[in-house]
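Undergrad: I have a structure here, written as structure tokens, and I will follow up with some questions on it.
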2 protein chains.
Amino acid sequence: MLLGSIEAGGTKFVCAVGNEDYRVIEKVSIPTTDPRTTFTKVINFFKQFEDLVALSIASFGPIEIQKNNALYGYITETPKKGWSQTNFVGPIKEALNIPVFFTTDVNGSAYGEYVLAQLFNEKIRSLVYLTIGTGVGGGAVIDGKIVGSQGHTEMGHVRVKRHPDDLTFEGICPFHQDCLEGLASGPTFDARLGIKGKDVPLNHPVWDILSYYVAQAAIQQTMILRPDNIVFGGGVVSEAFLEKVRRNFTELNNKYIKVPDLNTYIRMPRVKDNGSATLGNFALAFKELEK
Amino acid sequence: MLLGSIEAGGTKFVCAVGNEDYRVIEKVSIPTTDPRTTFTKVINFFKQFEDLVALSIASFGPIEIQKNNALYGYITETPKKGWSQTNFVGPIKEALNIPVFFTTDVNGSAYGEYVLAQLFNEKIRSLVYLTIGTGVGGGAVIDGKIVGSQGHTEMGHVRVKRHPDDLTFEGICPFHQDCLEGLASGPTFDARLGIKGKDVPLNHPVWDILSYYVAQAAIQQTMILRPDNIVFGGGVVSEAFLEKVRRNFTELNNKYIKVPDLNTYIRMPRVKDNGSATLGNFALAFKELEK
């Protein structure tokens with residue numbers, strides 16, 4: 001029995017096949033060009049595996065995941081050129097004729113981290129995964145279920161209290177200007193300083209500003225969900241950055257709500273090399289098969 | 001078969017007994033004095049009913065609801081004089097010797113509204129209940145389960161973006177100053193204007209400020225949970241106020257995320273006279289019995 005994973009991103013589609021222990025057997029990276037070309041390559045990859053029994057897709061968004069919606073399985077209005085209103089699940093399912101699960105990239109990652117914690121026999125019941133990268137997004141899993149009844153979550157598009165040293169920056173979200181994504185995503189380094197985040201030394205005050213916003217996101221998740229873990233991924237995140245986030249979290253919380261040891265509560269992904277979504281996909285594919 | 005409900009508030013304990021259709025058979029209001037006196041009266045009320053098979057408590061907080069915690073069933077550090085570190089479940093369970101469920105007042109209300117929606121055959125899978133009153137709090141129910149693995153939620157203690165006409169008001173939360181509760185709870189009328197909220201005409205600009213903050217809370221819940229319904233209760237809330245909240249929500253969302261018709265999505269409690277928690281308690285007591 002083999003399980004399939006598609007991590008669909010704006011620059012590449014990572015396709016992988018794994019066994020029942022969720023171990024990767026084979027993996028390829030396919031550049032994201034137009035949907036037709038990309039899907040053909042994806043399908044050809046998976047067609048090599050006769051034992052493939054189910055597949056899960058963790059896709060960039062926004063996507064339609066409500067099964068009762070006519071556009072179920074589509075990427076909807078995305079800024080990614082050529083990809084708006086693209087039926088994703090349809091052609092994959094038709095070509096491979098196996099059960100297909102469809103969710104967002106961040107939900108896939110959240111599920112992967114949740115599953116890994118279970119495999120490590122940690123007693124966690126819920127987990128939030130937030131990515132701080134080109135955009136800001138997140139997904140939550142409670143008792144093995146992905147959160148979101150009306151569609152997938154959009155955890156980056158919440159408002160935050162402005163940092164006192166960041167009152168003039170307008171923010172870069174085309175919808176909301178200074179929502180969390182508009183203030184704390186990777187491209188805000190460029191917008192504020194004219195240089196890429198990777199070139200900004202960690203002692204630059206802008207890191208304090210970003211970590212203040214990301215800590216507010218952690219506070220929001222804590223107050224609204226009381227999850228067992230908050231995992232941070234994405235290009236902006238490093239252990240040194242999370243140390244700043246934890247410090248800001250402690251100040252913002254001001255001993256109000258009891259949280260676990262912050263070093264385990266607010267943490268980096270346990271799956272290395274951005275592999276959380278692949279693992280999540282294997283588990284979600286297996287769950288889809290069991291249905 | 002009879003089910004019991006205790007709605008424990010800072011000024012009164014509303015105790016009720018209901019039948020298997022969750023209909024109230026008898027109800028009393030007991031003033032909140034010291035724990036011993038109050039509990040004695042509560043126990044004497046319930047002892048009248050031989051057919052009482054289970055009971056649920058929806059209490060003011062903070063409370064300990066983690067069963068593996070030594071303080072499970074306690075009201076913990078509350079500002080309410082004489083009630084800190086009070087064992088609530090213990091004496092009730094000992095005196096009545098029936099299954100007792102223990103949760104927060106807002107979780108009880110959330111559960112009541114969720115159950116009523118099910119009874120009305122609405123296809124909702126999740127619901128958030130936010131109360132804007134003396135304090136700000138909230139609870140969420142997803143697929144019949146109350147949200148919160150690390151304890152109960154504290155939805156009022158999130159930060160919000162400040163309203164441009166409200167930059168000088170410091171906020172009144174003793175822990176966080178200008179968190180949602182510190183900016184939008186009932187006592188902020190007094191703190192801002194020197195008069196009670198009920199005496200402030202609805203065309204006063206302060207209502208726009210409060211509704212801006214409450215709309216941000218609705219945005220946070222939407223982006224983080226994608227619930228089917230957000231119900232608002234508490235003394236500050238009226239249909240006219242929610243109309244302002246909906247307008248602010250629409251502006252803040254800026255057509256980003258698809259939500260149901262706002263008149264049903266953001267709404268007043270369906271159970272009248274603050275009865276949501278009583279209904280929720282009956283249902284939670286029944287669930288506890290089934291365990």
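Nothing in this text is a laboratory measurement; each read-out follows from the coordinates by a stated rule. All values reported here derive from a predicted model rather than from experimental measurement. Counting neighbours? That spans all protein chains shown, and the Cβs are built from the backbone with ideal geometry, glycine included.
Undergrad: With the requirement that a residue be assigned to a helix (DSSP H, G or I) and touching a Lys or Arg at 6+ places or on another chain (Cβ under 7 Å), what does the stretch B:195-239 give you?
TA: B:Val206, B:Trp207, B:Asp208, B:Ser211, B:Gln216, B:Ile219
Undergrad: Now a separate question. Kindly check whether there is at least one residue in the stretch B:90-106 that is in contact with a helix residue (DSSP H, G or I) (Cβ under 7 Å, 6 or more places away or on another chain) and closer than 23 Å to B:Val245 by Cβ.
TA: yes
Undergrad: I want to confirm something. Restricting to the stretch A:25-47 and keeping residues that are touching a residue at least 12 places away in the same chain (Cβ under 8 Å) and assigned to a loop (DSSP other than H, G, I, E, B), which single residue is nearest to A:Gln85 (Cα to Cα)?
TA: That would be A:Asp34.
Undergrad: Restricting attention to the stretch B:7-24, which residues are under 16 Å from B:Asp51 (Cα atoms), hydrophobic (A, V, I, L, M, F, W, C) and free of Cβ contacts under 8 Å to residues at least 40 places away in the same chain?
TA: Hits for the stretch B:7-24 are B:Cys15, B:Val17.
Undergrad: Then there is this: In the stretch A:155-174, what count of residues is obtained for those that are within 9 Å of chain B (Cβ to nearest Cβ) and touching a Phe, Trp or Tyr at 6+ places or on another chain (Cβ under 7 Å)?
TA: 2
Undergrad: Still on this structure, please answer the following. Which members of the stretch A:182-236 meet the condition of being within 20 Å of A:Glu154 (Cβ to Cβ) and among the β-branched types (Val, Ile, Thr)?
TA: A:Thr188, A:Val214, A:Ile219, A:Thr222, A:Ile224, A:Ile230, A:Val231, A:Val236
Undergrad: Mind checking which residues of the stretch B:99-118 are free of Cβ contacts under 8 Å to residues at least 60 places away in the same chain and surrounded by fewer than 21 Cβ atoms within 10 Å (Cβ to Cβ)?
TA: Result: B:Gln118, single match.
Undergrad: In the stretch B:191-243, which residues are more than 14 Å from chain A (Cβ to nearest Cβ) and of a type in the set (Val, Ile, Thr)?
TA: Within the stretch B:191-243, B:Ile195, B:Val200, B:Val206, B:Ile209, B:Val231, B:Val236, B:Val237 qualify.
Undergrad: For the stretch B:164-191, how many residues meet the condition of being buried (at least 18 other Cβ atoms within 10 Å of the Cβ), among the charged types (D, E, K, R) and closer than 20 Å to B:Thr131 by Cα?
TA: 2
Undergrad: Out of all the residues in the stretch B:246-266, is one or more buried (at least 20 other Cβ atoms within 10 Å of the Cβ), more than 23 Å from A:His152 (Cβ to Cβ) and within 14 Å of chain A (Cβ to nearest Cβ)?
TA: There is at least one residue in the stretch B:246-266 that is buried (at least 20 other Cβ atoms within 10 Å of the Cβ), more than 23 Å from A:His152 (Cβ to Cβ) and within 14 Å of chain A (Cβ to nearest Cβ).
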